[in-house]
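Worksheet for the structure shown next.
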Amino acid sequence: RSIVAIVKTHPDSWPFMSAVNKEEVPDYYEVVKDPTDIESVSERLESENYYVTLEMFAADFKRMFENCRLYNAVDTIYYKCANRLELFFDAKIAAGITFKVREAGSYLNRLKLFSKRAERTQQIYNTI
């Protein structure tokens with residue numbers, strides 16, 4: 001949830017905040033067959049049942065960026081926003097994964113240390 005909140009505050013998130021308006025862009029849904037936006041991702045996240053894995057969550061963001069690049073020309077602000085926001089999103093996901101791995105590694109190291117202490121205590125107990 002926090003990553004969605006962070007992405008929403010990024011200056012390049014404005015084109016992705018809600019679904020593309022059919023009246024303003026009538027052919028969008030003819031070109032983009034599987035649309036998504038930050039509001040939809042937020043709703044799916046709030047349901048707590050939709051995103052079973054981090055990969056599913058990230059895939060929706062990736063699809064949002066790909067849809068934008070599919071529909072818009074390379075020189076448009078939308079295309080550029082998609083590229084910049086995707087880089088930002090990828091960095092936040094990578095930082096979160098690194099943090100979780102570091103956190104898990106620290107926990108495992110503490111478990112190993114505890115296990116060694118328990119082993120040593122058992123050895124001392126056995127000699128008594």
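Any read-out appearing in this document is the output of simple, stated calculations on the displayed coordinates, not a laboratory observation. No experiment lies behind these values; they were computed from the predicted model shown. With ideal geometry, Cβ positions are generated from the backbone for all residues, glycine too; neighbour counts draw on all protein chains shown.
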Which residue, chosen from Phe88, Thr76, Asn49, occupies the Cα position most advanced towards the positive end of the dipole of the stretch 46-97, where the dipole is computed from +1 (Lys, Arg) and -1 (Asp, Glu) charges on Cβ about the Cα centre?
Thr76
Neighbour cut-off at most 11 other Cβ (10 Å), DSSP loop, trypsin sites (Lys or Arg not before Pro), the stretch 1-94
Arg1, Lys22, Lys33
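For the stretch 1-76, state which GluC sites (Glu not before Pro) are in a DSSP loop and have at most 16 other beta carbons lying within 10 Å of their beta carbon. Each step should come with its number before you reach the end.
Values: sites: Glu23, Glu24, Glu30, Glu39, Glu43, Glu46, Glu48, Glu55, Glu66; in loops: Glu23, Glu24, Glu48.
Those that pass, being in a loop and sparsely packed, are Glu23, Glu24, Glu48.
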How about Lys33: which aspartates and glutamates have a C-alpha closer than 16 Å to its C-alpha, ignoring those fewer than 8 places off in the same chain?
Asp60, Glu66
Rounded to whole Hz, the Karplus (6.51, -1.76, 1.60) HN-Hα couplings of the stretch 16-27, x for glycine and proline
10, 5, 9, 4, 5, 6, 4, 6, 7, 10, x, 9
Quick one: give the max-minus-min coordinate of the C-alpha atoms of the stretch 18-81 along each principal axis, largest first, in Å.
35, 23, 17
